[in-house]
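No lab work stands behind these numbers, since they all come straight from the coordinates. All of these numbers come straight from a predicted model, not from anything done at the bench. Ideal geometry is used to build each Cβ from the backbone, glycine not excepted, and the neighbour counts take in all protein chains shown.
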Amino acid sequence: MTNETNTTRATTANRTYKSTMFIMLFEDKNNLLELYNAISGKNYTDPGMLEINTLENAIYMTMKNDISFLIDGRLSLYEHQSTDNPNLPLRFLFYISKLYSGMTRNENLYGTRIVQIPPPEFIIFYNGRDELPDRMERKISDMYTVRDPHAGLELKAVMLNIAGKHNQKLKEACRTLREYAVYTDKVRRYVEEMELADAVERAIQESISEGVLKDFLEKHRAEAKEMSIFEYDQEKHMKQEREAAWEEGHRVGIEEGHRAGSEEGFNSGIMLTKQVLKLSATGKSIEDIALECSISPEQVRKILD
């Protein structure tokens, strides 16, 4: 096997895991500081103030987050999503646990002195097709199987919609974010008219001619094209999975409706499927889900397939 083949396979493996234009753009400290200023209302000019600590180590590969960094004594975690994902609060919990673990590995957590840690901020940048508000909050308590206002753990993430005309003020404050949103909107528009690779190429050519991400696209043209194709394919795949899950939900609902002989039975089937998906997101086993939902493990597997 040649070195070129090895490199190609390694790149493909990493790309399959997670590699996006958003990450590549905002791993640049200048761009990241611009984005932080836009979010926080600050006006910092020294990118050296940023300490990027995104999980990169191989042992964290199943937990890799998009971007995390320290500034102002605070820990910020930024995630980018092209499909709405209500499970991000739980993923953020995993990420922050790993980050805090790394920060305190040399501290005496069993001592009498308080070990100080930076307060976290969780931001989601959404630029998908679904029509969502400019700003909304995702909470880990929304994932709990039982609503409990006294639950001992809460994690809140702010989701900002950057697609289309949403959050114009924010995008005006961060040129890189605005141009990234313009570029991704172009890809989505042109993919309705032509093959994906051609749509991406047209979006790149047009963006460069208009000065949108010009320096970045000229310098990283091939990689940007590859990442854009991958990201769009991933978005399409996730949409298909969700549609399949809803179709299964309707099928289960119809079966329940026939058994109950009413529309109420149909609706209960839909709610059953939503509950199965929700329980699965918390890490429960198929057997535990089946027990809680009073259905067979086979039904659970079909819904989760």
In straight Cα distance, which lysines are under 21 Å from residue 278, not counting same-chain residues fewer than 8 positions off?
-> 139, 156, 239, 302
Rounded to whole Hz and in sequence order, give me ³J(HN,Hα) for the range 167-181 from the Karplus expression 6.51 cos²θ - 1.76 cosθ + 1.60, θ = phi - 60°, writing x for Gly and Pro.
-> 6, 4, 4, 5, 5, 5, 7, 9, 4, 5, 5, 4, 6, 4, 5
Unsatisfied cross-links (Cα-Cα over 21 Å) in the set 42/64; 64/274; 42/171; 42/165 = 42/64; 64/274; 42/165
Can you list the HN-Hα couplings for the range 22-27, worked out from phi with the Karplus curve (6.51, -1.76, 1.60; θ = phi - 60°), rounded to whole Hz and with x for Gly and Pro?
-> 4, 4, 4, 5, 9, 6
Would you kindly derive the ³J(HN,Hα) couplings of the range 46-56 from the backbone phi angles with the Karplus curve 6.51 cos²θ - 1.76 cosθ + 1.60 (θ = phi - 60°), listing them in order in whole Hz, with x for Gly and Pro?
-> 9, x, x, 5, 7, 10, 6, 9, 3, 5, 10
Sum of side-chain charges, residue 98 neighbourhood, beta-carbon under 12 Å (Lys, Arg +1; Asp, Glu -1) | +2
Roughly speaking, what is the centre-to-centre gap between the range 149-209 and the range 25-43 when only Cα atoms are used, to the nearest Å?
-> 16 Å
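Going by C-beta contacts inside 10 Å, put 121, 206 in order with the fewest on the left.
Starting with the residue having the fewest Cβ neighbours, the order is 206, 121.
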Fraction of the pair-distance distribution of the range 42-178 above 25 Å, Cα-Cα pairs, percent | 37 percent
Any residue on another chain or 5+ positions along whose placed amide H is under 5 Å from the amide H of residue 155 is listed here as 140, 141
Name the long-range amide H neighbours of residue 125: under 5 Å, sequence gap of 5 or more, or other chain; modelled H, no Pro or chain starts.
-> 79, 80, 81, 160
